[in-house]
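Read through the structure below, which is laid out as structure tokens, and then see the notes.
The values are calculated or read from the model by the stated rules, or taken from the named source; none is laboratory data. Just so it is clear, the structure is predicted and the values come from calculations on it, not from any experiment. Note that we place each Cβ from the backbone using ideal geometry, even for glycine, and neighbour counts take in every protein chain shown. Ligands, DNA and RNA are stripped out before the accessible areas are found, and what is left, the full protein with its side chains, is counted by its heavy atoms. Shrake-Rupley method; radii C 1.70, N 1.55, O 1.52, S 1.80 Å.
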Amino acid sequence: MAGFSGVLQLSDLDDFIAPSQECIKPVKVEQKSGRGVIRIEDDGADALSTPVKYEKAKITLNDCLACSGCITSAEVVLISQQSHDELYRVLAENNKLQESERQIVVVSLSLQAILSIGAKFSLSPDECAQKLTGYFKKLGVQYVFDITLARSLSLLEAQKEFLARYKRKETDCKALPMLASACPGWICYAEKTHGSYILPYISNSRSPQQMMGMLVKELWCTQKGITPDKIYHVTVMPCFDKKLEASRDDFYSELYSTREVDCVITSVEVEQMLSRDEVDLPRVPPVPLDGDLSSGPVLTSHQGSPSGGYAHNVFITAAKQLFGQDQDMLQWKTLRNADFREVTLEVNGETVLRFALAYGFRNIQNLVQKLKRGKSQYHYIEVMACPSGCLNGGAQIRPDSGTSSKDLVSKLQEAYELLPTINPSEDHRVPSIYSEWLGGEDSQKAQKCLRANYNAVEKATHVLGIKW
């Protein structure tokens, strides 16, 4: 389980339906404007009441974001619609078709997943990426990218948004702190549990996965002269909750009836695929990543945390552009635990910037409570659901016997820090994306392609008054 799902099972067991149970129940649907709310009737009808016949409602992928109950434990419920089995099915169907009729299958690799799989098979990040490319192409995938460019765009949008929020903080009481939005477990929790109170603080910059979805289904399709529905886009992620993120209505094209990310598979699912296919990854001939959207000849990362480096990159940009201060090496201070750290900038004895990393459910609960009491002193917070962040995502490959999770995360962190870094603003492809394709950084198209919307989710309630 990833994100908040494991935590919510423990703390809210009456909400949880085990994966072995079929999520179908006779329901009464009360019609109302907007998203439908399902209300569950008592299975035992009152003997004196008039019998009512209810239709069966099946929970679909989209329902997961409208539910406040069992589907919070999203990963196991979604697996039948977003899994490596689905990828196998698409590839098998492609093989039955003429080449001109086939979908183009594109796989985008997250850096955290590459590190996890590489550690499992004792491969360097670059070796792992190239061997995964070779493996997927042998299966029938046509293109394999990494998502460094997408993360550069996500970081740049976060930087711009923070600068704008900071400048209006005196007139907008909810402009700050700005809360990172790249973690779908955190977003799902915020929408379902704290709703309209907390959402104004959350950044609306897209996550790297959904930036990549936009790049593949919009920019790349345009360059190739094909329509988005001809592409089947798969991402490889460290987190089951990314399946939930990909299913959001924001990232669905009504015009072409396609999602920007059609299927999310995880690090542990790739391990299962290799086992199923009896493939020894170190023995797979390496194949370079496709260059259209990838880092280049070698993988690159961004400075800061392996969860994206949001706090680091936004802090450096804000220090320079707001206060003329160059900050190369940030000195993070550990507070109540290793997953809660802060960094500050002082100008003339006054603290003008105070940023934090808040990872794990306990730290996030404390963060939210302080916000509600008006006691948060931070300007920006990089929020991640998993303790230790994305390298410790719930869908990462578990450590071998004799190795602790902490030791494995440390090993992945070391591998991440050895990668060459790139300043997102110095990626040579970024200016042309903004100017030539989006029509400017603040164009209507840029807002549509680079931003996401988050909405409070109304909780379904049992008609007998018991929370479901």
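Taking loop as defined by DSSP and a crowding limit of 16 other beta carbons within 10 Å, which GluC sites (Glu not before Pro) in segment 145-234 fit? Intermediate results must be reported in sequence, preceding the final value.
Details: sites: GLU157, GLU161, GLU170, GLU191, GLU218; in loops: GLU170.
Passing sites in segment 145-234 are GLU170.
Which order do the peptides 302-312, 403-413, 207-217 take when ranked by the mean count of other beta-carbon atoms within 10 Å per residue, highest first? Don't jump to the answer; show the numbers that get you there.
Details: 302-312: 23.5, 403-413: 15.4, 207-217: 25.5.
The densest-packed peptide leads the list: 207-217, 302-312, 403-413.
Evaluate segment 123-186: find the radius of gyration of its Cα atoms, find its Kirkwood radius, and give the ratio Rg to Rh. Walk me through the numbers before you get to the answer.
Numbers: Rg = 18.9 Å, Rh = 15.1 Å.
Expressed as Rg/Rh, it is 1.25.
For ILE422, enumerate residues with amide H under 5 Å from its amide H, sequence gap 5+ or separate chain, H modeled in the peptide plane.
Excluding prolines and chain starts, which carry no amide H, the hits are SER301, HIS302, GLN303.
Rounded to the nearest Å, what's the spacing between the alpha carbon centres of segment 84-112 and segment 379-395? Just the number, please.
Centre-to-centre (Cα) distance: 30 Å.
If you plug each phi of segment 407-415 into the Karplus form 6.51 cos²θ - 1.76 cosθ + 1.60 with θ = phi - 60°, what whole-Hz ³J(HN,Hα) values come out, in order, with x for Gly and Pro?
Here the 3J(HN,Hα) series is 5, 5, 4, 4, 5, 5, 4, 4, 5 Hz.
According to the square roots a ≥ b ≥ c of the eigenvalues of the Cα gyration tensor, what is the shape class of segment 317-433, taking rounded for a/c under 1.5, prolate for a/b larger than b/c otherwise, and oblate for the remainder? All intermediate terms of the calculation are to be shown ahead of the outcome.
Values: a/c = 2.02, a/b = 1.21, b/c = 1.67.
Because a/c hits 1.5 or more and a/b fails to exceed b/c, segment 317-433 counts as oblate.
Placing +1 at every Lys and Arg Cβ and -1 at every Asp and Glu Cβ, with all other atoms neutral, what dipole size does segment 241-280 have around its Cα centre, in debye to the nearest 20? Don't skip to the answer; put the middle values down first.
Values: 5 positive and 12 negative charges, 24 e Å.
That gives a dipole near 120 debye.
With θ set to phi - 60°, apply the Karplus curve 6.51 cos²θ - 1.76 cosθ + 1.60 along segment 232-240 and write out the HN-Hα couplings as whole Hz, x wherever there is a Gly or Pro.
For segment 232-240, the Karplus-derived couplings read 10, 9, 10, 10, 10, 10, x, 9, 5 Hz, x marking Gly and Pro.
Near the amide H of TYR380, under 5 Å away, which other amide H atoms are found, from residues 5 or more places off or on another chain, if H is placed in the peptide plane?
Amide H neighbours of TYR380, under 5 Å, 5+ apart: MET178, ARG354, ALA356.
Only Lys, Arg, Asp and Glu count, each charged at its Cβ (+1, +1, -1, -1), so figure out the dipole size of segment 339-459 about its Cα centre, rounded to 20 debye. Don't jump to the answer; show the numbers that get you there.
Numbers: 15 positive and 15 negative charges, 154 e Å.
Using Cβ point charges on Lys, Arg, Asp and Glu, segment 339-459 gives about 740 debye.
List, in order, the whole-Hz ³J(HN,Hα) value for each residue of segment 342-350 obtained from phi through the Karplus relation with A = 6.51, B = -1.76, C = 1.60 and θ = phi - 60°; use x for Gly and Pro.
9, 9, 10, 10, 10, 10, 6, x, 10
Between ASP292 and GLN325, what length comes free when the chain is fully extended (0.36 nm per residue of separation minus the Cα-Cα distance, one decimal in nm)? Before the final figure, lay out each step's value.
Values: separation 33, 0.36 × 33 = 11.88 nm, distance 3.54 nm.
Here the answer is 8.3 nm.
Can you give the accessible area per residue of segment 152-289, in Å², using a 1.4 Å probe?
Details: 4690 Å² over 138 residues.
Per-residue accessible area for segment 152-289 comes out at 34 Å².
Can you sort ARG429, ARG398, ARG341, ARG362 by solvent-accessible area, 1.4 Å probe, largest first? Walk me through the intermediate numbers first.
Details: ARG429 35, ARG398 115, ARG341 70, ARG362 180 Å².
Largest to smallest exposure gives the sequence ARG362, ARG398, ARG341, ARG429.
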